[in-house]
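Notes for the one structure printed next.
Just so you know, all these numbers are worked out from the coordinates, no wet-lab data involved. Because the structure is a prediction, the values reported are computed rather than measured. Cβ: placed from backbone, ideal geometry, glycine included. Neighbour counts: every protein chain shown.
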Amino acid sequence: MNSIQGKILIAGATGYLGRHVLAELKSRNLSAVALVRTASQAKSLEDEGFEARIGQVTSPDTLRDVFEGVEVVFSSIGITRQKDGLTYDDVDYQGNLNLLRAAKAVGVRKFGYTSVYRGDGFRHVKIIDAKERFVDALRAEAIESCVVRPTGFFSDMADFFSMAKQGRVFLFGNGEAKLNPIAGEDLAKVCVDSLFDNSLEVNVGGPQTYTQNDIARLAFKVLGTRPVITHIPMRVAKFLLGFSKLFVKQTDYGPIEMYMTVSDHSMAAPEYGIRTLEDHFLSIKNDAEK
Ligand SMILES: NC(=O)c1ccc[n+]([C@@H]2O[C@H](COP(=O)([O-])OP(=O)(O)OC[C@H]3O[C@@H](n4cnc5c(N)ncnc54)[C@H](OP(=O)(O)O)[C@@H]3O)[C@@H](O)[C@H]2O)c1
């Protein structure tokens, strides 16, 4: 295991995974600094006791001063629900590339990045293509690197829960595709470990593997309601997606394209962690009842 003497810059620190990575670094007494895009984001992280620096990965000039004392960068920057009018190519690919080049120019030793489990096989999906082209660029640079490849995050499984709450879960295909979603806390441990070891790539999912039907049923079980699941045939879903691509912005159809892809393939990655999806659903339910 290598040691890290300097700071670890977390890009994407305001997001689900990045926040957990920051917390994990703090719990290990490691020196972390968050890269954020606005003064209010910086203030809110500083109020929680984190150091934050402001820079826009989409404007390379703003990155010059963010690396002082930084030895390692970890990025979980990517468009998920952001509606900034930018494309996956602008942010997931070019934004991360700008960050990588700026980091390398000032002698940062290592760059860690989050892509997607089995991403190399899903390059026909816009969001994944942008990420995998960045992975290619990262590998081509003379810098130490590690790519973490997680399955779905617990944060995304909330969509199953909200559908169940409304009485019906819609699934693409027969719902038998496997998936082992992972909690941000568990994944953050893997991400931080990856900065210290020599692995080029880490595939990881949560501790329990389900089918999508199982996840839908679990949501109804936690709610105490009768499971109602509607399966949208994959050929119908693919036709509708193809049609919507003619009219809808990439970042609007992107999450559906991604969800359809994982509904059509096994996303069962090596199992890791201790947090269960059932407890996650229970905590969403309890929070809503407060
Ligand atoms: N969710 C999943 O199931 C899953 C599975 C595998 C991989 N991944 C990937 O893992 C990564 C992290 O996911 P997450 O759930 O933590 O996402 P998230 O909560 O949306 O966080 C994304 C981060 O990227 C930043 N970002 C987005 N657009 C930006 C832009 N134009 N300029 C600068 N920063 C920008 C966000 O900053 P702001 O807060 O300022 O918007 C945020 O810090 C993503 O790349 C995602 O695609 C996700």
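Hey, can you grab everything whose amide H is under 5 Å from the amide H of Tyr210? Only 5+ residues off in sequence or another chain; H modelled, so Pro and N-termini drop out.
Here the answer is Leu179, Asn180, since their amide H atoms fall under 5 Å of that of Tyr210.
Would you pull out the residues with amide H under 5 Å of Ala11's amide H, same chain only if 5 or more places away, H placed 1.01 Å from N?
Correct list: Leu35, Phe74, Ser75, Ser76.
Sort 24-34, 237-247 by packing, meaning the average of other beta carbons within 10 Å per residue, with the highest value first.
24-34, 237-247
Which of Phe172, Ser283, Val262 sits farthest toward the positive end of the charge dipole of the range 149-290, with +1 on the Cβ of Lys and Arg and -1 on the Cβ of Asp and Glu?
So the residue we want is Phe172.
Need one number: the % of Cα-Cα pairs in the range 234-290 sitting beyond the 18 Å mark.
In whole percent, the share of Cα-Cα pairs in the range 234-290 beyond 18 Å is 58.
If you wrap a convex hull around the Cα atoms of the range 136-290, how much volume per residue is inside, in Å³?
Normalising the Cα hull of the range 136-290 by residue number yields 141 Å³.
Restricting things to Cα coordinates, could you compute the convex hull volume per residue of the chain in Å³?
Taking the convex hull of the Cα positions in the chain, it is 135 Å³ per residue.
So in the chain, what percent of DSSP beta bridges are antiparallel if you round to the nearest 5? Kindly include the intermediate steps, with their values, before the conclusion.
Values: 2 of 35 bridges.
Given both bridge residues lie in the chain, the antiparallel proportion sits at roughly 5 percent.
Could you compute Rg(Cα) / (2.2 N^0.38 Å) for the range 7-62, with N its residue count?
Normalised Rg, Cα atoms only: 1.05.
Which cross-chain or sequence-distant (5 or more) residues have an amide H under 5 Å from the amide H of Phe172, H modelled 1.01 Å from N in plane?
Those lying under 5 Å, H to H, from Phe172 are Ile232.
Starting from the Cα coordinates of the range 184-249, work out the convex hull volume and express it per residue in Å³.
About 192 Å³ per residue, rounded to a whole number.
What are the extents of the Cα atoms of the range 25-171 along their three principal axes, in Å, largest first?
Taking the Cα atoms of the range 25-171, the three principal extents are 52, 38, 33 Å.
Per residue of the range 253-261, what does 6.51 cos²θ - 1.76 cosθ + 1.60 with θ = phi - 60° give for ³J(HN,Hα)? Whole Hz please, x for Gly and Pro, Karplus curve as stated.
8, x, x, 6, 4, 5, 5, 5, 5
Using only Cα atoms, what is the ratio of the radius of gyration of the range 63-137 to 2.2 N^0.38 Å?
Values: Rg = 12.9 Å, N = 75, 2.2 N^0.38 = 11.3 Å.
Compactness ratio reported: 1.13.
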